[in-house]
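Below: the structure, in C-alpha cells.
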Amino acid sequence: MLDIEFIRDNQELVKRAADKKGVDFDINQLMEVDDKRRKLKTEVDNMRQRQNEIPDKISQVNDQIKRNELIDKAQDLKEELQEKEDKLKSTKEDWQRLMMDVPNIPDMSVPAGEDESDNKQLKTWGQKPHFDFDAKDHVDLMKTNNLADFKRGQKVHGFRGYYLKGAGAQLSWAIWNYARDFFSEFDFQPFLPPAVVRKQYFFGTGHLPSEAEDLYKTQDDELLSGTAEIPMMAYHADEVLEQSDLPKRYLAFSPCYRREAGSHGKDTKGVFRVHEFYKLEQLMLCEASHERSVELHEEITENTEKFLQSLELPYEQEIICGGDLMKSKVKSYDLKLWIPSEKRYREIASSSYYHDYQTRRFNIKYQDSEGKKRYVHSLNGTAIPTPRALVAIVENYQNADGSITVPEALRSYCGTDKIGA
C-alpha cells in the first residue's frame with residue numbers, strides 16, 4: 001500500500017505505474033473518495049468535540065428548562081453524529097478497497113511488456129547436457145527408478161497428486177538439508193513458520209484479493225499459505241524494530257499449498273506443478289532506503305544462483321516486465337532451470353522487493369537515528385522448492401541406462417552417487 005499523501009502528490013506517476021503494470025485503476029475515483037473521507041472525518045471530529053463539551057455546559061446551567069433544552073440538543077447531536085459515523089465508516093471501506101488496488105511504482109529498470117512473453121533474459125549459466133541416447137522426461141525417469149507413485153497419489157489426493165518414495169524422498173531430504181547448510185553461510189536465521197494463516201495477512205502481502213481462487217481455506221476461514229513469505233511478514237506485524245537489528249535475514253522452510261486454479265491444462269503430468277509442495281524462502285527487512293533494497297535484492301538473487309551453480313544446473317535469469325509484475329512489487333527476477341525434455345527453461349525461483357508497500361499494511365516500523373518512526377522495506381526470494389527441483393535434477397543428470405547421477409553437492413546427504421541401475 002502506498003501512502004495516500006504520496007499518491008495525491010504524484011498522481012501522474014501512479015497513473016503511469018498502473019499503465020505499465022496493465023492495472024485497471026481509476027485514480028480520480030480514489031481522489032473523490034479520499035476527499036469525501038477527509039470531509040466526513042473533519043465533520044465527525046468537530047461533532048465529537050461539541051458532544052464532549054455539552055456535559056460541562058449542562059453543569060453550568062441552573063435553569064431546568066434550559067438544561068432540558070441542552071439535553072435535547074445533545075440527543076439530536078448524538079443521532080446526527082451516529083449518522084455521520086456510519087457514512088464515514090462506509091466511505092472508509094470504499095477508500096480502503098481502492099487503496100488496496102493502487103499498484104506499487106515499478107523501478108525504472110523494469111521493462112515494458114504485456115505478459116510473461118515480454119520478460120527479458122538477462123543471462124544464462126551452465127552447459128546444457130547433450131545426450132547421445134534418447135533422453136527421458138522426469139515422469140518416466142521417476143517411474144523407472146521407483147522415485148514416485150503418481151497413480152496412488154491421484155487415488156489419494158486427486159488431480160496433481162503424487163507420492164515421493166524411496167530414493168525420491170531421500171533426494172528431497174538431501175536438497176532440504178543441503179539448502180539449510182548452504183544458506184546458513186549467508187547469515188540467515190532459520191524458521192519453521194505456520195502454514196495456516198489468518199486471512200488479513202494475505203491482504204498484507206498482496207496475495208489477496210488477486211489470488212483468492214488459488215488458496216485453500218479451513219472451516220474457520222483461515223487460509224493455507226502458498227509461500228512462507230506470508231507468515232514471515234506477519235511475524236513482525238504491528239511492531240517497531242530497532243534500526244541496529246536491520247536487516248533482518250530469515251530463511252523459512254514450510255509446506256506450501258496452491259490450487260493452481262489458473263493453470264488448467266498446464267503441466268498435468270509429473271511433479272512440476274502440484275497442489276502441495278515444500279519450499280525454502282529467503283525474507284529480508286531493511287531500512288527505508290531504495291539503494292539498500294536494490295543491493296539486497298541482488299544479494300538474495302545471487303544466493304539462489306550460487307545454490308543452483310553448486311548443483312551444476314544450467315539456468316537463465318529473467319527480469320519481469322511491467323505487465324507480468326504483481327501490483328505489490330517494485331522489481332522482480334525469475335530464475336529458470338533448463339528442462340531437457342521440454343528444450344526450454346522453466347521457473348524454479350523468483351526474487352522481489354517492495355519498498356514499504358507490504359510493511360504499511362503490516363504496520364512494521366523502525367526508529368531511525370533521528371528518532372523518527374519509519375516503515376521498513378521488505379524483500380523476498382525463493383531459495384529452492386521441491387519437488388520442482390527434482391524435475392531438473394533427474395532430467396539433467398540422467399544416464400543412458402536410465403539411472404540418475406546424484407549431483408556431487410548432494411552425495412553426502414543422499415549416501416550414494418547414483419540412483420538406479
Is there any pair with a first residue in region 277-300 that is within 23 Å of residue 256 (Cβ to Cβ) and a second that is buried (at least 24 other Cβ atoms within 10 Å of the Cβ) and of a type in the set (Asp, Glu) whose Cβ atoms are under 8 Å apart and which are 6 or more apart or on different chains, and what are they? 281/229; 283/229
Return yes when residue 109 is part of a helix (DSSP H, G or I) and modelled with pLDDT of 95 or more and no when it is not. no
Residues that are buried (at least 18 other Cβ atoms within 10 Å of the Cβ) and within 20 Å of residue 161 (Cα to Cα): does region 236-249 have at least one? no
If I go through region 171-227 residue by residue, how many of them are without any contact (Cβ under 8 Å) to a residue 24 or more places away in the chain and hydrophobic (A, V, I, L, M, F, W, C)? 2
Of all the strands (runs of 3 or more DSSP E) wholly in region 303-421, which have at least 3 residues that are of a type outside the set (Asp, Glu) and either under 30 Å from residue 144 (Cα atoms) or without any contact (Cβ under 8 Å) to a residue 60 or more places away in the chain (or both)? 331-339, 344-353, 377-386
Would you check if there is a residue in region 97-110 being exposed (fewer than 13 other Cβ atoms within 10 Å of the Cβ) and in contact (Cβ under 8 Å) with a residue 40 or more places away in the chain? yes
Return the residue satisfying two criteria in turn: it lies in region 144-163 and is of a type in the set (Gly, Ala, Ser) and outside any helix (DSSP H, G or I), and of such residues it is nearest to the chain's Cα centre (by Cα). 161
Determine, yes or no, whether residue 263 is out of contact with any helix residue (DSSP H, G or I) (no Cβ under 8 Å at 6 or more places or on another chain), without any contact (Cβ under 8 Å) to a residue 12 or more places away in the chain and under 22 Å from residue 211 (Cα atoms). yes
Residue satisfying condition, being within 14 Å of residue 381 (Cβ to Cβ) and either hydroxyl-bearing (Ser, Thr, Tyr) or touching a helix residue (DSSP H, G or I) at 6+ places or on another chain (Cβ under 9 Å) (or both), within set 268, 227: 227
Do we have any residue at all in region 164-177 that's assigned to a loop (DSSP other than H, G, I, E, B) and touching a helix residue (DSSP H, G or I) at 6+ places or on another chain (Cβ under 6 Å)? no
Of the residues in region 132-168 that are among the acidic types (Asp, Glu) and free of Cβ contacts under 8 Å to residues at least 40 places away in the same chain, the one that is farthest from residue 268 (Cα to Cα) is 134
Taking region 199-227 and keeping only residues that are basic (Lys, Arg) and more than 15 Å from the chain's Cα centre (by Cα), one is left with 217
Just to be sure I understand the filter: pairs with C-beta atoms under 7 Å, separated by 6 or more residues or on different chains, first member in region 1-20 and over 21 Å from residue 92 (Cα atoms), second member small (Gly, Ala, Ser) and part of a helix (DSSP H, G or I). Which pairs pass? 20/322
Counted residues in region 352-378 being surrounded by 20 or more Cβ atoms within 10 Å (Cβ to Cβ) and farther than 16 Å from residue 245 by Cβ come to 9
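The values are calculated or read from the model by the stated rules, or taken from the named source; none is laboratory data. These numbers come from a predicted model, not from an experiment. Virtual Cβ from ideal backbone geometry, glycine too; neighbours counted across all protein chains shown.
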